[in-house]
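Comments concern the structure below.
Derivation of every value follows stated rules applied to the coordinates shown; laboratory data play no part. All values reported here derive from a predicted model rather than from experimental measurement. Here the Cβ is made from the backbone with ideal geometry for all residues, glycine too, and neighbour counts use every protein chain on show.
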Amino acid sequence: MNDCLFCKIIAGEIPSEKVYEDEYVYAFKDINPVAPVHVLVVPKEHIACADEVTDKNSGSVAKVFEAIAKIAEKLGIKGSYRVVNNCGENAGQTVFHMHFHLIAGGSFGWPPC
Ligand code: 5GP
Ligand code: ZN
């Protein structure tokens with residue numbers, strides 16, 4: 001866990017462009033945005049990926065979604081955004097501290113593949 005990039009960002013050991021923070025959640029701009037709005041919303045609790053969500057840590061995930069609603073309001077994107085969570089290398093996960101991509105401002109395709 002000490003080697004985790006997002007734990008270091010949450011701790012302020014690595015700089016980031018903060019968008020939102022509370023006791024449970026940290027959100028910051030993605031370094032390589034794929035849309036005009038691309039924010040990473042991260043539980044402060046280290047959970048590697050969605051596979052590891054249990055009844056003991058699911059409260060952190062709920063807090064992420066409470067934060068997303070607040071961030072959407074703050075950024076003026078309510079009702080017009082996508083939330084993406086990649087779980088595992090095959091799904092494109094590259095940082096193994098669970099996070100949610102909050103993406104808006106572009107045109108979205110569906111299905112994604
Ligand atoms: P994943 O591919 O795991 O779903 O998403 C990881 C995201 O983290 C990528 O969109 C990538 O651009 C972003 N990222 C990787 N390293 C950093 C960093 O040091 N700072 C910030 N702000 N974003 C990062
Ligand atoms: Zn971590």
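Taking the numbered list (1) within 16 Å of ligand 2 (Cβ to nearest atom); (2) surrounded by fewer than 14 Cβ atoms within 10 Å (Cβ to Cβ) in turn, residue 85 passes all entries but (2). Pairs linking a residue in the range 94-111 that is in contact (Cβ under 8 Å) with a residue 12 or more places away in the chain to a residue that is within 16 Å of ligand 2 (Cβ to nearest atom) and assigned to a strand (DSSP E or B), with Cβ atoms under 7 Å and 6 or more positions apart or on different chains, are 97/42; 98/43; 99/40; 99/41; 99/42; 100/41; 101/40; 102/41. Any residue at all in the range 51-62 that's of a type in the set (Asp, Glu), within 15 Å of ligand 1 (Cβ to nearest atom), in contact (Cβ under 8 Å) with a residue 24 or more places away in the chain and closer than 21 Å to residue 5 by Cα? Yes, the conditions are met somewhere in the range 51-62.
Evaluated against (1) part of a loop (DSSP other than H, G, I, E, B); (2) crowded, with 18+ Cβ neighbours inside 10 Å; (3) of a type in the set (Val, Ile, Thr); (4) more than 16 Å from ligand 2 (Cβ to nearest atom), residue 47 falls short on exactly one condition, (4). Return yes when residue 37 is closer than 17 Å to residue 16 by Cβ and either surrounded by fewer than 12 Cβ atoms within 10 Å (Cβ to Cβ) or more than 16 Å from ligand 2 (Cβ to nearest atom) (or both) and no when it is not. The answer is yes for residue 37. What do you reckon, is residue 101 touching an Asp or Glu at 6+ places or on another chain (Cβ under 8 Å), within 14 Å of ligand 1 (Cβ to nearest atom) and under 20 Å from residue 20 (Cα atoms)? When the stated conditions are applied, residue 101 passes them.
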